[in-house]
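*Asks:* What follows is a single structure, and I will ask about it in a moment.
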Amino acid sequence: MTSDAFGPEFRAQARSRAELIRTRLREGDFQIGDRILLRVYAETALTDTFTVAAGRAINLPGVGNVPLGGVLRTELRGHLETYLQRFLRNPRVDAATALIRVSVLGEVGRQGFYTVPTEVLVEDVLMQAGGPSGLARLDQMYIERGNERLWEGDILQRAITEGRTLDALNIQAGDRFIIPGRVQRNWESTVRTVGFLLTLPLTIYGLTRLFR
């Protein structure tokens, strides 16, 4: 199947994702404010949650700043072990999990901000937010960053079906998961508004008679 078989929206999303991948490979995954859950064997001071600071680095006790520029999340564990060899003998990093803060908005049980591991699935993020409501249109769900939609439509649905993680989708801190609702809710709101407006003449008439 040639690229002409795909619509312009598909090709635009493909170009956008290609640019994101190039940026990711060049700059790495870690942003200021990201957190890393670190566990180093027999090193209690290095077993904690650390925040990525200015310069894309984490400050570890007895070690100092560990640079993370150009490091991918999948490379984090090996990168830390290699760096710690300068200070420790045969260090063993048992866990190095990246945590990011994203927002979930729309038709979910609890809208808001959630700090989640990048290793989780998209549906796991929705469940942390209380799961989709009865009015949720999951087929119209999209993920955005700033004013740009990163994932939507059939491409996002395929990624969810295939069990892609947040890391695989290059989700970063600050990205938003938007779950639109069905039109019924807007219709119900309109009905309530119209009903209220219809009662105004009767209310005004009643008040006029009262104060005569």
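*Asks:* Just for strands (runs of 3 or more DSSP E) wholly inside segment 36-149: which have at least 2 residues that are under 21 Å from Asp167 (Cα atoms) and either under 18 Å from the mean Cα position of the chain (by Cα) or in contact (Cβ under 8 Å) with a residue 60 or more places away in the chain (or both)?
*Replies:* 93-106, 112-117, 142-145
Residues checked against (1) of a type in the set (Ser, Thr, Tyr); (2) under 30 Å from Gly62 (Cα atoms):
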residue	(1), (2)
Arg77	no, yes
Tyr83	yes, yes
Pro91	no, yes
Thr115	yes, yes
Glu123	no, no
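*Asks:* Could you go through segment 105-122 and let me know if any residue there is of a type in the set (D, E, K, R) and closer than 30 Å to Asn65 by Cα.
*Replies:* yes
*Asks:* Surrounded by 15 or more Cβ atoms within 10 Å (Cβ to Cβ), assigned to a helix (DSSP H, G or I) and either free of Cβ contacts under 8 Å to residues at least 40 places away in the same chain or over 20 Å from the mean Cα position of the chain (by Cα) (or both): is that true of Arg158 in this structure?
*Replies:* Criteria not met by Arg158.
*Asks:* Given (1) exposed (fewer than 15 other Cβ atoms within 10 Å of the Cβ); (2) within 20 Å of Pro117 (Cα to Cα), where does Gly28 come up short, assuming only one miss?
*Replies:* (1)
*Asks:* State the number of residues belonging to segment 88-98 that are farther than 15 Å from Thr47 by Cβ and surrounded by 12 or more Cβ atoms within 10 Å (Cβ to Cβ).
*Replies:* Counting residues in segment 88-98 that are farther than 15 Å from Thr47 by Cβ and surrounded by 12 or more Cβ atoms within 10 Å (Cβ to Cβ) gives 1.
*Asks:* Right, next: Which of the residues spanning segment 153-182 are acidic (Asp, Glu) and closer than 21 Å to Gly130 by Cα?
*Replies:* Passing the criteria: only Asp175.
*Asks:* What residue, of Asn147, Asn186, is modelled with pLDDT under 95, farther than 19 Å from Val102 by Cβ and of a type outside the set (A, V, I, L, M)?
*Replies:* Asn186
*Asks:* Could you go through segment 63-81 and let me know if any residue there is at pLDDT 95 or above, over 28 Å from Phe113 (Cβ atoms), among the aliphatic types (A, V, I, L, M) and surrounded by 14 or more Cβ atoms within 10 Å (Cβ to Cβ).
*Replies:* Among the residues of segment 63-81, at least one is at pLDDT 95 or above, over 28 Å from Phe113 (Cβ atoms), among the aliphatic types (A, V, I, L, M) and surrounded by 14 or more Cβ atoms within 10 Å (Cβ to Cβ), which makes the answer yes.
*Asks:* So which of Leu105, Leu126 ends up being of a type in the set (A, V, I, L, M), crowded, with 17+ Cβ neighbours inside 10 Å and either touching a Phe, Trp or Tyr at 6+ places or on another chain (Cβ under 9 Å) or within 20 Å of Thr74 (Cα to Cα) (or both)?
*Replies:* That would be Leu126, the only listed residue that is of a type in the set (A, V, I, L, M), crowded, with 17+ Cβ neighbours inside 10 Å and either touching a Phe, Trp or Tyr at 6+ places or on another chain (Cβ under 9 Å) or within 20 Å of Thr74 (Cα to Cα) (or both).
The values are calculated or read from the model by the stated rules, or taken from the named source; none is laboratory data. Computed from a predicted model, the values in this text were never measured in an experiment. Don't worry about glycine lacking a Cβ; one is built from the backbone with ideal geometry, like all the others, and counts go over all protein chains shown.
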